[in-house]
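Data first, discussion second: the structure below is written as structure tokens.
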Amino acid sequence: MLKLTGIAASTAFVAGCGGGGNGDGGNGNGGNGDSDGGVEIEAETRIDLDGQTSGWMGISPDSIADETNPTLILTEGETYEIGWSTGDGNQHNIAIYDENDEVVGNLVTERVTEPGDEQWLEFEASSEMVTYICEVHPTSMVADIQVE
């Protein structure tokens, strides 16, 4: 049994909650329900997510509904929209990262507690896109994007 006290507990807590990247090379979809390796998303689709500190919860399209951190399979060159329309009241944002944990283009929203209309990103899928992430919760709210 492991006991953490004083500084050790504080260090363990901070170590588990920080960082600007996904820390695992873009494979941060632990706990997702897409056992076949991802969900193909039709072009021109609005991908609606529920921002929960424990992970992105799929709302729509129906193929990702109730899935936590679903892997999205997109078609290169096609247009999509991704964002979050509801959340848990904590601060979140959404960004699309490349393999170096850097924002692709300007595909990042402001950090807010209520999603509103500004939490949507419209983009053309490209092979450099590998994850969608909440920069406030990069270890739990991160999932893969596969562009084919």
Burial ordering of Ile94, Ile133, fewest other beta-carbon atoms within 10 Å first: Ile94, Ile133
18 Å tail of the calculated P(r), region 74-126, as % of Cα pairs: 35
Where a label projected 7 Å from the Cα of Arg46 along Cα→Cβ would reach, residues of region 60-81 with amide N under 20 Å: 60-67, 70, 72-75, 78-81
Label-point separation in nm, Asp117 to Val147, each point 7 Å along Cα→Cβ: 2.8
Positive-end residue, region 44-134 charge dipole about Cα centroid, Cβ charges, pick of Thr68, Thr45, Asn100: Thr68
Label point distance in nm, Ser54-Thr79, each placed 7 Å from Cα along Cα→Cβ: 3.7
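Could you work out the relative contact order of region 58-148, using alpha carbon pairs under 8 angstrom and six or more residues apart, expressed as a whole percent?
It comes to 36 percent, rounded to a whole number.
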³J(HN,Hα), Karplus 6.51/-1.76/1.60, whole Hz, each residue of region 70-85, x for Gly, Pro: x, 6, 9, 9, 10, 9, 4, x, 8, 9, 9, 10, 9, x, 10, 10
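Values quoted throughout were computed directly from the atomic coordinates according to the rules given, and no laboratory measurement underlies them. Bear in mind the structure is a predicted one, so any value in this text is a computation, not a measurement. Positions of Cβ are generated from backbone atoms using ideal geometry, with glycine treated the same way; all protein chains shown enter the neighbour counts.
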